[in-house]
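Chemist: Handing you this structure, nothing more for now.
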Amino acid sequence: AGPCDLYSSGGTPCIAAHSTTRALYNAFTGALYQVKRGSDNTTTTIAPLSAGGVANAAAQDSFCASTTCLITIIYDQSGHGNHLAQAPKGAFSGPESNGADNLASAIGAPVTLNGQKAYGVFVSPGTGYRNNAAKDTAKGDVAEGMYAVLDGTHYNGGCCFDYGNAETSSLDTGNGHMEAIYFGDNSGWGTGAGSGPWLMADLENGLFSGSDPKNNAADPSISSRFFTAVVKGGPNQWALRGANAASGSLSTYYSGVRPKASGYNPMSKEGAIILGIGGDNSNGAQGTFYEGVMTTGYPSDATDNLVQANVVGARYATTSLTSGPALAIGSSISLRATTAGYTTRYLAHTGATVNTQIVSSSSSTGLKQQASWTVRSGLANSACLSFESKDTAGSYIRHYNWELQLNANDGSKQFHEDATFCPQAGLNGQGSSIRAWSFPTRFFRHYNNVTYTGSNGGVHFYDAATSFNNDVSWAISTGFA
Ligand code: AHR
Ligand code: AHR
Ligand code: AHR
C-alpha cells in the first residue's frame with residue numbers, strides 16, 4: 001500500500017498527494033510532475049516506472065539532456081485536482097518579472113528510493129508553488145492532517161519553508177488562517193530545543209512548536225538527512241510529530257490544545273495549498289520536499305505510524321550531486337571558456353571580482369595565479385566542491401547578488417552555501433558546467449567577460465538564453481600555478 005491507501009483505510013483519506021519521487025497510492029500510474037526545458041521551452045510529464053512505483057527519473061534525464069529543466073507542476077495524485085504550480089505574487093513579490101516566485105530546478109535534489117534514482121523539489125530562497133483554488137481542503141476549524149518527507153539538512157531562518165494549508169488570496173489575513181508544516185531555524189516566533197532546525201506549525205503570524213507561542217523544549221532540533229514531518233489539527237486540538245524518514249518511528253513533539261494566543265481557537269483555515277513559501281508569499285526560505293499529503297479528518301497516531309513505516313520502506317538514500325570530468329580535491333585547476341571567440345579566456349579574479357582573462361604559458365606569474373584554483377571539498381556540502389584562490393589562501397569563489405566574487409571565508413553558513421558548487425557534464429558537451437549548490441538553476445556564467453551565477457532565460461541580463469550553454473561550459477585543465 002502507499003501512504004494514501006493507509007490514510008484511506010484509517011478513515012482520513014488524502015485530498016492532496018504530491019511527490020516528484022514516487023506514487024503515493026499503490027495503484028497510481030498517472031503523472032507525478034511536469035518539467036519544462038530551457039532549450040525549447042517545451043514540457044513533458046514524469047510518471048512512475050510502474051503502478052505505485054518510483055518516478056521515471058531516466059525519462060527526465062533524457063528530456064533534459066544538454067539543457068536545463070524546471071519543475072513546472074507537481075500533480076495531485078488524489079484525484080481532487082489539487083496540483084501545485086508556480087506561486088503568484090502575494091503580499092510579497094517573487095523574483096520573476098511579474099512578481100511570481102521562481103520554479104525549482106529539476107536536478108537540485110537527486111536521491112534514490114530502494115536504489116532507483118528520483119528527484120526531489122529543491123526550494124531555494126525565491127522559489128514557491130501554490131494552488132489558491134484547491135478543492136476539498138479543510139476550511140475554518142475543520143480537521144485535517146498532513147505529512148511531508150523533507151531534507152533535514154537543507155533549511156534556513158527565512159520565512160517560511162512550508163507545506164500545507166494557507167490563504168487563498170496570498171495575503172496575510174490574520175491569525176489562524178493557515179495550518180502548514182514549517183521546517184527551518186527561524187526563531188522570530190516559536191522555537192524548540194537547541195538551535196534548530198525545528199518542525200513547527202505555521203498557523204499565520206506565528207510558527208508554533210506547542211501551545212506556548214514562544215518555546216516547547218520537547219520540540220527537538222532535527223539532524224537526520226531525511227525527515228518525516230507530521231502536522232494535524234482539529235477543534236482545539238493539534239499535534240506535531242516527527243521521525244528520521246530512513247529508520248525508526250514517529251515521536252510526538254506536541255499534542256494538545258491550540259496555542260494560547262488569540263485567533264488560533266477556533267481556526268479560520270482557508271484551504272489554499274502552499275509549498276516552499278509562507279501564506280503571504282514570503283519567499284526567503286529554503287528546503288527540500290520529496291513527498292507530502294493533506295488529508296480530510298484528523299488522522300490517528302496509528303495511521304501516522306503506518307505511513308512512517310511506509311516511508312522507511314521507500315528507502316530514501318543520497319546519491320551523487322555531480323557528474324562530468326572528476327575534479328580531484330586538493331588539485332590546482334584552470335577553467336577555460338568554451339564560447340567561440342572567448343576560448344583563450346580563463347576564469348580569473350581581479351581583487352574581489354571574478355572574471356575571465358586571457359592567460360597563456362607566457363603570462364606573468366601573478367596572472368597565472370589569479371587564474372588558478374584549488375579544488376576543495378564543498379564548504380556547505382561535501383558531495384560538491386568549493387574553489388579556493390591560488391594567490392589568496394582562505395578566499396573562495398562565492399556568489400553574492402548572483403555575481404561571482406572572491407571573498408575570505410568568514411565561517412558562516414551563508415558563506416559556505418554561497419561558495420559550494422556542484423560540477424556536472426558541460427551543457428554544450430565540453431568540460432563542466434558548475435551549478436550553485438544552493439541555487440541549482442544557476443551556473444558559473446561569463447557575460448561581457450565578468451562572471452555570474454546565471455539561470456537559463458531568467459530575468460537578469462546575465463541570464464540570457466542566447467549563448468547560455470556555451471557561456472556555462474568550462475574546459476578544465478591543470479592549473480597554471
Ligand atoms: O506565520 C508566519 C508567516 O507570517 C506566514 O507564513 C506569513 O503569511 C506571515 O508573514
Ligand atoms: O548570490 C545570491 C545571494 O546574494 C547570496 O546567496 C547572498 O549571500 C546574497 O545576498
Ligand atoms: O562573456 C563574453 C560574452 O558576453 C558571452 O559569451 C556573451 O553571452 C556575452 O555577450
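Chemist: Among the listed residues D418, D410, identify the single one that is in contact with a strand residue (DSSP E or B) (Cβ under 8 Å, 6 or more places away or on another chain) and under 30 Å from G152 (Cβ atoms). Step through it out loud before you land on a result.
Modeler: Numbers: D410 fails: in contact with a strand residue (DSSP E or B) (Cβ under 8 Å, 6 or more places away or on another chain).
So the residue among D418, D410 that is in contact with a strand residue (DSSP E or B) (Cβ under 8 Å, 6 or more places away or on another chain) and under 30 Å from G152 (Cβ atoms) is D418.
Chemist: Cβ contacts < 8 Å: first residue within 25 Å of D101 (Cβ to Cβ), restricted to region 415-440; second residue of a type in the set (K, R) and within 16 Å of ligand 3 (Cβ to nearest atom), any location; separation 6+ or different chain. Result?
Modeler: Once the first residue is within 25 Å of D101 (Cβ to Cβ) and sits in region 415-440, its partners that are of a type in the set (K, R) and within 16 Å of ligand 3 (Cβ to nearest atom) give R435/R442; A436/R442.
Chemist: Does I181 fit the bill of being assigned to a loop (DSSP other than H, G, I, E, B), among the aliphatic types (A, V, I, L, M) and within 16 Å of ligand 1 (Cβ to nearest atom)? Full working, then the answer.
Modeler: Numbers: assigned to a loop (DSSP other than H, G, I, E, B): no; among the aliphatic types (A, V, I, L, M): yes; within 16 Å of ligand 1 (Cβ to nearest atom): yes.
When the stated conditions are applied, I181 does not pass them.
Chemist: N215: surrounded by fewer than 24 Cβ atoms within 10 Å (Cβ to Cβ), closer than 23 Å to N156 by Cα and either touching a residue at least 60 places away in the same chain (Cβ under 8 Å) or under 24 Å from the mean Cα position of the chain (by Cα) (or both), yes or no? Write out each step before concluding.
Modeler: Working: surrounded by fewer than 24 Cβ atoms within 10 Å (Cβ to Cβ): yes; closer than 23 Å to N156 by Cα: yes; either touching a residue at least 60 places away in the same chain (Cβ under 8 Å) or under 24 Å from the mean Cα position of the chain (by Cα) (or both): no.
Criteria not met by N215.
Chemist: I would also like to ask the following. When the residues of region 381-410 are narrowed to those that are touching an Asp or Glu at 6+ places or on another chain (Cβ under 9 Å) and buried (at least 21 other Cβ atoms within 10 Å of the Cβ), which ends up farthest from A436 (Cα to Cα)?
Modeler: Once the filter is applied, the top-ranked residue is Y396.
Chemist: Which residues, taken from region 417-442, are within 13 Å of ligand 2 (Cβ to nearest atom), part of a strand (DSSP E or B) and aliphatic (A, V, I, L, M)?
Modeler: Scanning region 417-442 gives a single hit, A436.
Chemist: Determine which member of the set R315, R258 is touching a residue at least 24 places away in the same chain (Cβ under 8 Å), surrounded by fewer than 23 Cβ atoms within 10 Å (Cβ to Cβ) and over 27 Å from A218 (Cβ atoms).
Modeler: Values: R258 fails: over 27 Å from A218 (Cβ atoms).
Exactly one residue qualifies, and that residue is R315.
Chemist: Among the listed residues G292, G242, which satisfies the condition of being under 13 Å from V149 (Cα atoms) and touching a His at 6+ places or on another chain (Cβ under 6 Å)? It would help to see each step written out before you state the result.
Modeler: Details: G242 fails: touching a His at 6+ places or on another chain (Cβ under 6 Å).
Selected residue: G292, the only one of G292, G242 that is under 13 Å from V149 (Cα atoms) and touching a His at 6+ places or on another chain (Cβ under 6 Å).
Chemist: Please tell me if K89 is of a type in the set (D, E, K, R) and not in a strand (DSSP E or B).
Modeler: On the way: of a type in the set (D, E, K, R): yes; not in a strand (DSSP E or B): yes.
Yes, satisfied.
Chemist: Then there is this: For region 416-424, check the following and say yes or no: at least one residue is touching a helix residue (DSSP H, G or I) at 6+ places or on another chain (Cβ under 9 Å) and farther than 13 Å from H399 by Cα.
Modeler: The initial filter retains those residues of region 416-424 that are touching a helix residue (DSSP H, G or I) at 6+ places or on another chain (Cβ under 9 Å), namely none.
The answer is no; no qualifying residue exists.
Chemist: Counting only residues that are within 16 Å of ligand 2 (Cβ to nearest atom), give me the strands (runs of 3 or more DSSP E) lying completely in region 313-396 with at least 2 of them.
Modeler: On the way: elements: 316-318, 332-337, 345-350, 353-358, 373-377, 385-389.
Where strands (runs of 3 or more DSSP E) fall fully within region 313-396 and carry at least 2 residues being within 16 Å of ligand 2 (Cβ to nearest atom), they are 353-358, 385-389.
Chemist: Condition first: outside any loop (DSSP other than H, G, I, E, B), touching a helix residue (DSSP H, G or I) at 6+ places or on another chain (Cβ under 7 Å), within 20 Å of Y316 (Cβ to Cβ) and hydrophobic (A, V, I, L, M, F, W, C). Can you find one or more residues in region 66-78 that meet it?
Modeler: no
Chemist: Give the residue that is farthest from the chain's Cα centre (by Cα), with candidates limited to residues of region 447-481 that are assigned to a strand (DSSP E or B) and away from ligand 2 (no atom under 16 Å from the Cβ).
Modeler: That would be T478.
Chemist: Can you run down the residue pairs with Cβ atoms below 7 Å, 6 or more apart or on separate chains, where the first is in region 446-457 and within 14 Å of T356 (Cα to Cα) and modelled with pLDDT under 95 and the partner is part of a strand (DSSP E or B) and within 16 Å of ligand 1 (Cβ to nearest atom)?
Modeler: none
Chemist: Let me ask another. Return a yes/no flag: does region 132-146 have any residue that is touching a residue at least 60 places away in the same chain (Cβ under 8 Å), touching a helix residue (DSSP H, G or I) at 6+ places or on another chain (Cβ under 9 Å), closer than 21 Å to T29 by Cβ and surrounded by 18 or more Cβ atoms within 10 Å (Cβ to Cβ).
Modeler: Scanning region 132-146, I find no residue that is touching a residue at least 60 places away in the same chain (Cβ under 8 Å), touching a helix residue (DSSP H, G or I) at 6+ places or on another chain (Cβ under 9 Å), closer than 21 Å to T29 by Cβ and surrounded by 18 or more Cβ atoms within 10 Å (Cβ to Cβ), so the answer is no.
Chemist: Can you name the residue in region 23-48 that is outside any loop (DSSP other than H, G, I, E, B) and not basic (K, R) and is also farthest from A425 (Cα to Cα) among such residues? Write out each step before concluding.
Modeler: Applying the first criterion (outside any loop (DSSP other than H, G, I, E, B)) to region 23-48 yields 33-37, 43-46, 48.
Okay, now just the ones that are also not basic (K, R), so 33-35, 43-46, 48.
Numbers: Y33: 24, Q34: 23, V35: 20, T43: 22, T44: 22, T45: 24, I46: 23, P48: 26 Å.
Among those that are outside any loop (DSSP other than H, G, I, E, B) and not basic (K, R), it is P48.
Chemist: So which residues in region 160-194 are over 21 Å from the mean Cα position of the chain (by Cα) and among the hydroxyl-bearing types (S, T, Y)? Before the answer, list the steps.
Modeler: Residues of region 160-194 that are over 21 Å from the mean Cα position of the chain (by Cα), as a first pass: 167-169, 171-178, 188-194.
Within region 160-194, T168, S169, T173, T191 qualify.
Chemist: Here is a further query. Please enumerate the residues belonging to region 49-60 that are touching a residue at least 24 places away in the same chain (Cβ under 8 Å) and assigned to a helix (DSSP H, G or I).
Modeler: Looking only at region 49-60, we keep the residues that are touching a residue at least 24 places away in the same chain (Cβ under 8 Å), and these are 49, 51-55, 57-58, 60.
Those that are touching a residue at least 24 places away in the same chain (Cβ under 8 Å) and assigned to a helix (DSSP H, G or I): A57, A58, Q60.
The values are calculated or read from the model by the stated rules, or taken from the named source; none is laboratory data. Model, not experiment: these values are computed from the prediction. For neighbour counting, all protein chains shown are included, and Cβ atoms are generated from backbone atoms with ideal geometry for every residue, glycine included.
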